[in-house]
Amino acid sequence: MAQNNTNNQQLSMTTGAVNTRNRRAAEDGQKNTLRGKIDDDIWEDAEAITQTTPAGKVFVAAAAMLDRVEGDAQGAIGSLRRMMEELRREKDALKAENETLKKKLADANLE
């Protein structure tokens, strides 16, 4: 329980610092970090949150899982593209063979 309170306090302090920086950036005419470039200091604060809080650790694990899923999906897409290309070549070969057989049949009927 005490650890959870400490984590919540750290999160609250870090969030307050991020909000202050966001407000200052907005006052300076810079874009809000959610809409534009993330400031280095804010990024460091975000990294601290993800490394020190249970929710942050879950977020990092979920992000890593999404990266793996995306990589797996891209690999599957690549495999499907290769299979489609192979099927196209087979289709073209069968069309050519069909035309050859049609021509042989037409020649045989003429004789």
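Pulled fully out, how much extra length does the chain show between Ala61 and Ser79, if you take 0.36 nm times their separation in residues and subtract their Cα-Cα distance?
Extending this stretch completely gives an extra 3.8 nm.
Please list, in order, the residues from the range 63-77 whose amide nitrogen is less than 12 Å from a point placed 7 Å along the Cα→Cβ vector of Arg88.
What the label zone holds, given the 12 Å backbone N cut-off, is no residue at all.
Every number in this text was worked out from the coordinates using simple rules, so none of it is lab data. Bear in mind that the values here come from a model prediction, so they are computed numbers and not experimental data. Neighbour counts are summed over all protein chains in view; Cβ atoms, including those assigned to glycine, are modelled from backbone coordinates with ideal geometry.
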